[in-house]
1. Could you please give the count of residues in the range 322-350 that are modelled with pLDDT under 95 and within 14 Å of ligand 1 (Cβ to nearest atom)?
2. Say we look at the range 215-226 and pick out the residues that are open to solvent by 10 Å² or more (accessible area, probe 1.4 Å) and closer than 13 Å to residue 405 by Cα; which of these is farthest from ligand 1 (Cβ to nearest atom)?
3. From 19, 79, 67, grab the single residue that is within 16 Å of ligand 1 (Cβ to nearest atom) and at pLDDT below 95.
4. So is residue 115 in contact with a His (Cβ under 8 Å, 6 or more places away or on another chain) and within 28 Å of residue 305 (Cα to Cα) or not?
5. Report yes if residue 273 is of a type in the set (Asp, Glu), open to solvent by 50 Å² or more (accessible area, probe 1.4 Å) and in a loop (DSSP other than H, G, I, E, B), otherwise no.
6. Where residues in the range 70-109 are part of a loop (DSSP other than H, G, I, E, B) and hydrophobic (A, V, I, L, M, F, W, C), which of them is surrounded by the fewest Cβ atoms within 10 Å (Cβ to Cβ)?
7. Within the range 372-428, can you find the residues that are within 10 Å of ligand 1 (Cβ to nearest atom) and of a type in the set (S, T, N, Q)?
8. Basic (Lys, Arg) and under 18 Å from residue 396 (Cα atoms): does that describe residue 444?
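The values are calculated or read from the model by the stated rules, or taken from the named source; none is laboratory data. Values in this document were obtained by computation on a predicted structure and should not be read as measured data. So basically every Cβ, Gly included, is an ideal-geometry build from the backbone, and we count neighbours across all protein chains shown. What goes into the accessible areas is simple: the full protein's heavy atoms, side chains included, and nothing from ligands, DNA or RNA. Shrake-Rupley method; radii C 1.70, N 1.55, O 1.52, S 1.80 Å.
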Amino acid sequence: MKARVLLVTSEAVPLAKTGGLADVITALTVALREQGIDASILMPGYPSAIQAAKNLRNIGSFTDFPGGEGSLLAGEIAGSDVPVILLDTARFRARSENLYVDRDGRELSDNAMCFAALSHAAVKLCAGLTTLPKPHVVHAHDWHAGLIPALLRAHNITDIGTLLTIHNLAFQGNFPLDIAASLGLPADILNADGAEFWGQVSFLKAGIRYADKISTVSHTYAKEILTPRFGHGFEGCLNRRPDAIAAIPNGIDSEVWNPVSDSLIARRFSFRDLKGKAACKSELKKLFNLMPLNQFAPVLALGSRITHQKMADVALAALPTILAAHPYLQLAVLGCGDPVYQHGFQQLAEQYPGRIGVHIGYTEKHAHALHAGADMLLHGSRFEPFGLTPMYAMRYGTIPIASRVGGLSDTIIDAGSVDQLVAGANGVLFDGEQPQDMIDAVNRTFQIFSRTREWQKLQRNAMTAECGWHAPAQQYIDLYRDIATPASQHLFPENSAAELDAEQQSQALNTIHEEALNKRKAG
Ligand code: ADP
Ligand code: GLC
């Protein structure tokens, strides 16, 4: 028998995605399965998810979810054997591409109801009320799944270990306290020692308080969240459980983001032969309507959710100075988020036609073209739990200019000065949140860019950085073993390295992404 782990999330590629969480869930589940764990995903039955799953069958219908009735549909992610269970409710079916907010960026009013139902669905699985066997461990991700440990406790289910992974402490799932009863929450947790947070009920705090263990996605972020600057008000309750907190840095899907085999880019290339990158640069310029200046003129990319977290405001303030100082520089912007900042970038593009190309939205094709074709990626963050995007860029020899926070300060090694390049450097880091901090970092990057040999050293280091999912998956397995009941601990393999067929693992992920791509093309 294998250990069964249920990962509960609101996003997983290719079923639904607004950010890095979706990438992490699917890649981690694939890696866990390759390493001997029977891992499956529970997530909302958004229309996109129902469409992109295969072999869906009803494993249980219930009338007592917050907000009404719902069914659990079990199937697989198309193109893979990754099991996925979708919570099918009328509310989730009504959600559009924008999973959590309306067109004006306002939180959808039934978020509390919808995601409380997701946690209750996990409890149904844990109570053995469906046709599937109960999991040994539930792995809850972010606030969307934060109520699970508290609900298991309330239902007196004590034979299932619970792990909460925090991907982003800024998203907390805080709602008015007076709706707690309608969410099926027991009164005895609605106090400062439980799920109450400044007069509200907080899904994330419930998870932090009641999960057996808590993990986050980089070593630096695990320390940062214990401080007022990065704790978002949770530093107090996190500091009360220091022994429960672990750090497991994410991996990236090193096959999907691979210049040697990427089918989404104009021409493939490697760090030994970067010629293909020039073709990718021309393609990027076409895609973003940039003037075809000489091919040595640098292209700076900006690709992320366009939000305050990602310092969109700082970039908007810094860019006019940067563009004035570097007259040949061109800029390609990809992403969506806060309407005010989106508008800011669109206005900037109007002021600099041919020099700035802005694509509001997100497609994998645009993202791959951006990382493959640009020279540098500007990635400011006020806080960054891990930061997958700069790692994707690095795989293509696109040098990140990023904030020295969270996971970015663990994965990026700052170049130092052009005259004394730091050995092993693969990017540029900056401190501070002022436009001038960003401007100085870009200027420093340009000094290195102008020396081809030094620049190529950075590119080589960036392209060969460690990044797979095998080691992180084993760390999760070790954590699961710690929280599983003594009777099931032996099911969690001690060291699955021997069993891992890395090739097979990356192929499985590739097929998932290709299927998703074909679907999108067909649609
Ligand atoms: P975060 O999760 O905070 O957005 P990461 O850099 O870790 O930051 O992950 C971002 C992921 O989301 C990448 O896969 C990126 O390509 C993708 N992405 C960025 N913007 C969007 C968007 N508007 N919609 C969907 N995915 C996006
Ligand atoms: C969050 C974080 C990001 C991290 C991602 C996956 O969205 O903002 O830094 O990489 O989750 O863990």
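1. Result for the range 322-350: 4.
2. Taking the range 215-226 and keeping what is open to solvent by 10 Å² or more (accessible area, probe 1.4 Å), we get 219-220, 222-224, 226.
In the following step, the residues that additionally are closer than 13 Å to residue 405 by Cα were identified as 219-220, 222-224.
Details: 219: 16, 220: 14, 222: 16, 223: 19, 224: 15 Å.
Among residues in the range 215-226 that are open to solvent by 10 Å² or more (accessible area, probe 1.4 Å) and closer than 13 Å to residue 405 by Cα, the one farthest from ligand 1 (Cβ to nearest atom) is 223.
3. Working: 79 fails: within 16 Å of ligand 1 (Cβ to nearest atom); 67 fails: within 16 Å of ligand 1 (Cβ to nearest atom).
Going through 19, 79, 67 in turn, the sole match is 19.
4. Details: in contact with a His (Cβ under 8 Å, 6 or more places away or on another chain): yes; within 28 Å of residue 305 (Cα to Cα): yes.
Judged against the criteria, residue 115 is a match.
5. Details: of a type in the set (Asp, Glu): yes; open to solvent by 50 Å² or more (accessible area, probe 1.4 Å): yes; in a loop (DSSP other than H, G, I, E, B): yes.
When the stated conditions are applied, residue 273 passes them.
6. Of the range 70-109, the ones part of a loop (DSSP other than H, G, I, E, B) are 78-82, 89, 94-100, 102-106, 108-109.
Narrowing the set further to residues that are hydrophobic (A, V, I, L, M, F, W, C) leaves 78, 82, 94, 99, 108.
Working: 78: 20, 82: 23, 94: 12, 99: 21, 108: 17.
Among residues in the range 70-109 that are part of a loop (DSSP other than H, G, I, E, B) and hydrophobic (A, V, I, L, M, F, W, C), the one surrounded by the fewest Cβ atoms within 10 Å (Cβ to Cβ) is 94.
7. Within the range 372-428, 381, 389 qualify.
8. On the way: basic (Lys, Arg): yes; under 18 Å from residue 396 (Cα atoms): no.
When the stated conditions are applied, residue 444 does not pass them.
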